[in-house]
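Chemist: What follows is a single structure, and I will ask about it in a moment.
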Amino acid sequence: MTATLIDMGAHERQADAPVDRQAVKDADFSAYMSARQPALYRTAYLLAGDHAGAEDLLQNAFAKLYLSWDRIRDREALDGYVRRIMVNENNSLWRRAWKRKEHSTEVMPDTGVVDVYDDGMGGALWSFVQTLPPKQRSVIVLRYYEQLSEAEIADVLGISVGTVKSQASRALAGLRARAPQSLNPHQTGEDAR
Amino acid sequence: MNDRPLEEQVHDALHRTADPLDRSPLSVTDVRTRARRIQRRRTVAAGAAVAAVLAIAVPVGLSLVDPGQRSEVPPATQPPAPTIASGIVKVDPLSAEAVEQAPVPLLDVDGPALLQPDGSTVDLPGDYEALTPYGDGWIGVAINDAPGVPWSTIEILDADLEVVNDPVATGGLVVSPDGTRVAWSEYDGTQWRVRLADAAGGPASDHLVFPPGPEDHEVAPIGFVSDVEVAATQNDGRGVLSTFVGGGDSPGALPGPVEGRSASPVTGVVAGLKGSQDGRACSAVVEGVADAGATLWETCDHVLGPISPGGQYVLGSDPEADAYGSPTLTVLDAATGEEVVTFEAALPPRTAGGFATQLAWAGDDAVVARLFTGDDSAMMRLGLDGTVERIDVASSGASGLTVAEPG
C-alpha cells in the first residue's frame with residue numbers, strides 16, 4: 001500500500017516560538033490519525049475479521065504508538081509500527097483466547113462488503129481466509145493486500161523469510177483445499193459434483 | 001469457472017472486502033484513554049521487563065573463563081546469600097556508577113564479536129544471537145538473512161572458529177546453570193529434536209524427539225528441569241506453544257497448555273504463560289518434573305522470564321511491554337510469586353524506552369539487562385541489593401551489545 005505523506009513537522013519548524021510540547025505532540029498525532037486511520041482500519045479489519053475486533057486492534061496499536069510517539073523519528077515508519085503491533089497482537093494466543101471468551105455471542109459475524117460485480121467467489125474466498133490460522137492469515141493479508149515483500153513480512157512477523165514462504169504456501173494450499181471446485185482451473189463442473 | 005491464479009483471486013477478494021470500508025471510528029481521545037489505561041497497568045504491575053525474554057542464567061564463575069578452563073569453574077548451585085533490596089529501584093544510566101567489565105559474556109552485534117568478562121575479544125565469523133563454550137570451541141545460534149536459508153541455524157565452531165557441522169535450523173540453545181551441559185534443538189528436514197551434550201565436548205545425544213512435522217512447528221529449548229532433563233516448547237503451526245518435558249521419542253506436554261519461558265534444574269519448575277484475564281496474559285510457575293504441570297502460583301501482573309541459577313528468583317516483565325521494551329523489571333520469589341524488588345527505568349519525559357528483550361542472570365544476585373532510553377541504550381547491572389551499575393563496554397555500531405548465553 002502506498003503511504004500518504006503527511007506534514008507533521010510544521011510545529012517543529014516554528015523553532016523561535018514558545019510551544020507546548022504536549023499540544024504539538026497531540027496535533028501531530030491527530031494529523032497522522034486523521035490521514036491514516038481509514039487505511040489502517042482496513043488492514044485491521046482483514047486481520048481481525050470483524051469490526052469490533054478491528055477497532056480494538058487499531059485502538060491498542062494507536063495507543064502504543066501515542067506512548068512511543070517521541071521516540072519514533074522516522075515518520076515514514078509509523079504505518080509499519082502500527083501494522084507490526086496489530087499483527088503481533090492478533091497472532092497472540094492469549095488475546096485469541098480472551099476474544100473467544102469475551103465475544104462468544106450469538107451475534108452473527110460481520111459479512112464484510114460484497115462488491116456488486118463480485119461473482120460470489122470474492123466473498124467465498126474471504127470467508128475461507130477467515131478460517132486460516134492467525135499467522136497464515138497475517139501472511140496472506142500482508143502479502144496480497146498490503147503487498148509487502150516476503151522480507152518485509154518476515155520483519156513484521158519476526159520470522160524467517162523461509163517461514164513466510166512456507167506459511168504462504170500452506171495458506172494457499174488450505175484455500176485450495178477448502179474451495180477445490182471453483183479455484184482449480186483444471187477442474188470441471190462435472191468433477192466438482 | 002475462474003482461470004485466474006489463486007494468488008490474484010485472493011488479492012482481489014481482500015480488496016473487494018476491505019476497499020469499500022472508509023471508517024475512522026477512533027478519536028484521539030479514545031486513543032489517549034487507552035494509552036492511559038496501558039500506563040496505569042504498567043504502574044500497577046510495577047514490574048518486570050521484556051515481552052519475549054530470552055532466559056539467561058549464567059553463573060559468574062562460568063562467565064569468567066574460556067572454554068579450556070571450564071573444569072576449574074565451581075558450580076554455582078549454592079551461591080552465597082546476597083543482601084536483598086525491596087521496593088522500587090530507579091535505573092538511570094546517566095547517574096549510575098560505570099564499570100568497565102561485564103559480569104557475563106556479551107555479543108557486539110555489529111562486530112560481530114564476543115566480549116568476554118576478562119576483557120578479551122573473540123572476532124566471530126558471522127552473526128550470532130547466542131554463543132557459549134563447547135568442547136575446545138563454541139556452539140552458537142547463527143542468524144542468516146539469505147533467502148532460502150533458515151533464519152536461525154545451530155553452528156558448532158572449533159577453536160579456530162571454523163564451523164565443523166552442517167548448520168541446520170534451530171529454535172535456540174540453553175546452558176545448564178552450572179555450565180556443564182548444553183542443549184539445543186535441530187530440524188533435520190523431517191522432524192524436530194532436542195540434542196543434549198556435555199559442554200566440555202563429546203558426542204551429543206537425542207533427548208527429545210518429536211513426531212515428523214513441518215519446520216514451522218518449531219521446537220525451542222527453554223531450560224533444564226533437572227541435571228539430565230530439558231524442557232522445550234513446540235509451536236503447533238498456529239502460534240500456540242506447548243511445553244514438553246521427559247525424554248526419548250514421546251515427549252509429554254505439560255497440561256494447560258503452558259507456554260514455557262524458562263526452567264530450573266534446582267527446583268524442577270517451569271515458568272511461562274498460562275492463560276489470560278481481562279485481555280492480559282497471565283503467567284505461572286508449574287512443576288516440571290514431579291507432579292508435572294501442577295501450578296505453584298500464578299500472576300497476571302507479570303510476564304515471567306528467566307529463573308535465577310539457584311532457583312530462588314524469577315524475573316517478570318510488564319504485560320503491556322511493547323516493541324520498545326518494558327518500563328520495569330521485577331524480581332519475584334520463585335516459590336511464592338511475592339515481589340522482591342522492582343527496577344524501574346528512569347525515562348525522561350516524553351521519551352519511550354525500557355528494558356530490552358535479552359537479559360541474563362549474573363549469579364543469583366544480579367541481572368544484566370540492556371536499557372533503552374529514547375534512541376540510546378546502555379547495558380546495566382542490576383544488583384538485588386539495589387545497586388545499579390552501567391557497563392561501559394564499547395560496541396562497534398548502533399546495534400550495540402546483547403548478552404551471549406541463554407540459560
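Bear in mind these aren't lab numbers, they're just calculated from the coordinates by the rules spelled out. In this text, all values refer to a predicted model and were calculated from it rather than measured experimentally. Glycine gets a Cβ as well: all are built from the backbone with ideal geometry, and neighbour counts include every protein chain shown.
Chemist: Any chance you could check the Cα centroid distance between segment B:219-251 and segment B:289-343 for me, in angstrom?
Modeler: 19
Chemist: State, as an integer percentage, the relative contact order of segment B:224-306 based on alpha-carbon contacts under 8 Å between residues 6 or more apart.
Modeler: Rounded, it is 23 percent for segment B:224-306.
Chemist: Return the distance in nm (one decimal) between the two label points of a simple spin-label model at residue A:149 and residue B:376, each offset 7 Å from Cα along Cα→Cβ.
Modeler: 3.5
Chemist: Extending each Cα 7 Å along its Cβ direction at residue A:169 and residue B:399, get the distance between those two points in nm, one decimal.
Modeler: 2.7
Chemist: Taking R0 as 30 Å, what's the FRET efficiency between residue B:338 and residue B:387 from their Cβ-Cβ distance, rounded to 0.05?
Modeler: My answer for the efficiency is 0.90.
Chemist: What pairs in A:135/B:90; A:64/B:90; A:25/A:165 have C-alpha atoms more than 28 Å from each other?
Modeler: The pairs that break the limit, which is 28 Å between Cα atoms, are A:135/B:90; A:25/A:165.
Chemist: Still on this structure, please answer the following. Sort B:274, A:135 so the one with the fewest other Cβ atoms within 10 Å of its own Cβ comes first.
Modeler: Exposure proxy ranking, most exposed first: A:135, B:274.
Chemist: For residue B:28 paired with residue A:75, estimate the spin-label separation in nm (one decimal), with each label point 7 Å from Cα along the Cα-to-Cβ line.
Modeler: 1.4
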